[in-house]
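I have placed the structure first, in the form of structure tokens, so that the comments after it can refer back to it.
The values are calculated or read from the model by the stated rules, or taken from the named source; none is laboratory data. Please read these numbers as outputs of a predicted model, since none were measured by experiment. Please note: Cβ atoms are built from the backbone with ideal geometry, for glycine as well, and neighbour counts cover all protein chains shown. Please note that ligands, DNA and RNA were not included when accessible areas were found on the heavy atoms of the full protein model with its side chains. Shrake-Rupley method; radii C 1.70, N 1.55, O 1.52, S 1.80 Å.
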Amino acid sequence: MDGSKGPGLSRRRFASCATAAAAGWIMTACGPRQLREMPRARIRKALKQLDREYSTRYGKNVTVSGAPALPGVQFAYALDLSRCIGCRRCVYACVEENNQSRDPQLQWIRVLSMEKEKGIDFAHADAYYNPAQVPEPGRFYVPVACQHCRNAPCTKVCPAGATWTEPDGIVVIDYDWCIGCRYCMAACPYGARHFNWTEPSIPKNDVNPRMHVLGNRPRPAGVVEKCTFCIQRTRAGRYPACVEVCPVGARKFGNLLDKDSEIRYIIDNKRVLVLKEELNTLPRFFYFYAT
Amino acid sequence: MAVEVPPPPFSEGIFPCTGCHAGMPVNRNRRVLTEMHTDIVFKHDAEHRWCLDCHDATDRDWLHLASGERISFQESYKLCGQCHGEKLRDWRAGVHGRRTGYWNGAKQYLLCAHCHNPHNPRFRPLAPKPAPLRPTAITEARHGRQ
């Protein structure tokens, strides 16, 4: 080294790089951040803001919860195929509880009618059955919504990291982070994800004001949504809305880690199956035959 | 172990049964009722059973088990469970029948009779809620027929 000006770092260059780096750091730290990376204090602030926005928009006292997963809880669901009569009470209870768009119509639960002769056969299932009375002779019904897979294909394909599995097993979507590419819809083998092609509309009176930020808060246009096991209810200890409305008691919900739960009783004592087992998605949504 | 349940679903004005039955002579002969309770359609192993197999003859406000033990209408699930033992087991576990309340706390149970008419227990068919709109119907509603 002879002390002459080499190609090294000049004072000016160092200063401008350092300034740029600092500015970049400040912008990422203070700019919009994904919900699951936000510190709790900031989440609380964001929730307060959502409370205000929704309360003004719907003219009622809306609370948006950010309740995290309860420790020691792994949710699972079971549906009794020998009982379901295909009455679709669950579909509409879900729409009301979870603030789904009435126009255009969007429904998280789809009830498929299948022929008893053929067994579970998606290729010939009919979601648009409309007889005067159900059950129809010779048919059985398979309600399908998000299966909350432990090996979920949908979360893997999201290029934005906007959908993930929570510690209690619920697969959630950050509606502020979803870019609407619909890769997850293509990846889901159960058709459980739905896209808001336009601004969803819900009559103000019908809006459920008890919301969760990852659950039933009204969605903007251009994002994907789906069943969240009624996260706003189940993280407060309550049953999902579909469980409470089912007139035949076919729907069961609980904590897999609690050996006295209904769900464990079913898995221990009943014939249990999952849909499309061969895909290795490992659903948390089980179907069973109680009889 | 008794389970907490809502009041049994009596037809209006029918309970207490002793309101009428108190002074009446007891006729234990199996027969078709012609004067009262004619609205009851009995389709529950009708070939082998009739009223007094479940209803107590000496005090009509009670039911009785096969053993003769008297039980209240609140505990009628024990009576049903004499034949439907596996259903009773599932019901106690929370697997047969509808539950409301808390998955990690207090749950509300229903009696068998809240969903099944004990005299005619087969679950009655229901009218389904409307079918979902087909995607084409949704587009047409917004943009007219293409």
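In this structure, is A:Ala145 surrounded by fewer than 20 Cβ atoms within 10 Å (Cβ to Cβ), hydrophobic (A, V, I, L, M, F, W, C) and either within 30 Å of B:Leu126 (Cβ to Cβ) or within 14 Å of another protein chain (Cβ to nearest Cβ) (or both)? The answer is no for A:Ala145. Filtered by the rule that a residue be assigned to a loop (DSSP other than H, G, I, E, B) and more than 8 Å from chain A (Cβ to nearest Cβ), segment B:111-135 gives B:Leu111, B:His116, B:Pro118, B:His119, B:Pro121, B:Arg122, B:Arg124.
For segment A:271-288, give me each residue that is open to solvent by 40 Å² or more (accessible area, probe 1.4 Å) and either within 26 Å of A:Pro71 (Cα to Cα) or within 11 Å of chain B (Cβ to nearest Cβ) (or both). The one that is open to solvent by 40 Å² or more (accessible area, probe 1.4 Å) and either within 26 Å of A:Pro71 (Cα to Cα) or within 11 Å of chain B (Cβ to nearest Cβ) (or both): A:Leu282. Restricting segment B:101-110 to residues that are closer than 18 Å to B:Pro6 by Cα and at the interface with chain A (Cβ under 10 Å from one of its Cβ atoms) leaves a set whose member that is surrounded by the most Cβ atoms within 10 Å (Cβ to Cβ) is B:Leu110. Considering the conditions (1) within 25 Å of the chain's Cα centre (by Cα); (2) more than 9 Å from every other protein chain (Cβ to nearest Cβ); (3) not in a loop (DSSP other than H, G, I, E, B), A:Phe140 is excluded by exactly one of them, (1).
Comparison of B:Arg98, B:Arg70, B:Arg49 shows that the only residue that is within 14 Å of chain A (Cβ to nearest Cβ) and either free of Cβ contacts under 8 Å to residues at least 24 places away in the same chain or open to solvent by 70 Å² or more (accessible area, probe 1.4 Å) (or both) is B:Arg98.
Name the residues in segment A:80-129 that are of a type in the set (S, T, N, Q) and away from chain B (no Cβ under 11 Å), would you? Within segment A:80-129, A:Asn98, A:Asn99, A:Gln100 meet the criteria.
Within 9 Å of another protein chain (Cβ to nearest Cβ), acidic (Asp, Glu) and surrounded by fewer than 23 Cβ atoms within 10 Å (Cβ to Cβ): which single residue out of A:Glu244, A:Glu199 fits that description?
On the way: A:Glu199 fails: within 9 Å of another protein chain (Cβ to nearest Cβ).
Just a single option satisfies the conditions, and that option is A:Glu244.
The condition of being touching a residue at least 40 places away in the same chain (Cβ under 8 Å), hydroxyl-bearing (Ser, Thr, Tyr), more than 27 Å from B:Leu126 (Cα to Cα) and surrounded by 15 or more Cβ atoms within 10 Å (Cβ to Cβ) holds for only one of A:Thr163, A:Thr155, that being A:Thr163. Restricting attention to segment B:8-38, the residues being surrounded by fewer than 13 Cβ atoms within 10 Å (Cβ to Cβ) and within 16 Å of the chain's Cα centre (by Cα) number 4. B:Cys83 fulfils the conditions (1) open to solvent by 50 Å² or more (accessible area, probe 1.4 Å); (2) in contact with a Cys (Cβ under 9 Å, 6 or more places away or on another chain); (3) modelled with pLDDT of 90 or more; (4) among the hydrophobic types (A, V, I, L, M, F, W, C) except for a single criterion, (2).
Taking segment A:248-263 as the range and being touching a helix residue (DSSP H, G or I) at 6+ places or on another chain (Cβ under 9 Å) and at the interface with chain B (Cβ under 7 Å from one of its Cβ atoms) as the test, the residues that pass are A:Val248, A:Gly249, A:Lys252, A:Phe253, A:Gly254, A:Asn255.
Sub-6 Å Cβ pairs linking a first residue in segment A:174-185 that is assigned by TED's automatic domain parsing to the domain that holds A:Pro220 and open to solvent by 80 Å² or more (accessible area, probe 1.4 Å) to a second residue that is part of a loop (DSSP other than H, G, I, E, B) and small (Gly, Ala, Ser), at least 6 apart or interchain, are A:Ile179/A:Ala160, ordered by first then second residue. Whether a residue is out of contact with any Phe, Trp or Tyr (no Cβ under 9 Å at 6 or more places or on another chain), within 17 Å of B:Ala113 (Cβ to Cβ) and of a type in the set (Lys, Arg) was assessed, and B:Arg60 passes this test.
If I filter segment A:72-83 for residues that are in a loop (DSSP other than H, G, I, E, B) and free of Cβ contacts under 8 Å to residues at least 24 places away in the same chain, do I get at least one hit? Full working, then the answer.
Residues of segment A:72-83 that are in a loop (DSSP other than H, G, I, E, B), as a first pass: A:72-74, A:81-83.
Pick out the ones that are also free of Cβ contacts under 8 Å to residues at least 24 places away in the same chain and you get none.
Scanning segment A:72-83 turns up no residue that is in a loop (DSSP other than H, G, I, E, B) and free of Cβ contacts under 8 Å to residues at least 24 places away in the same chain.
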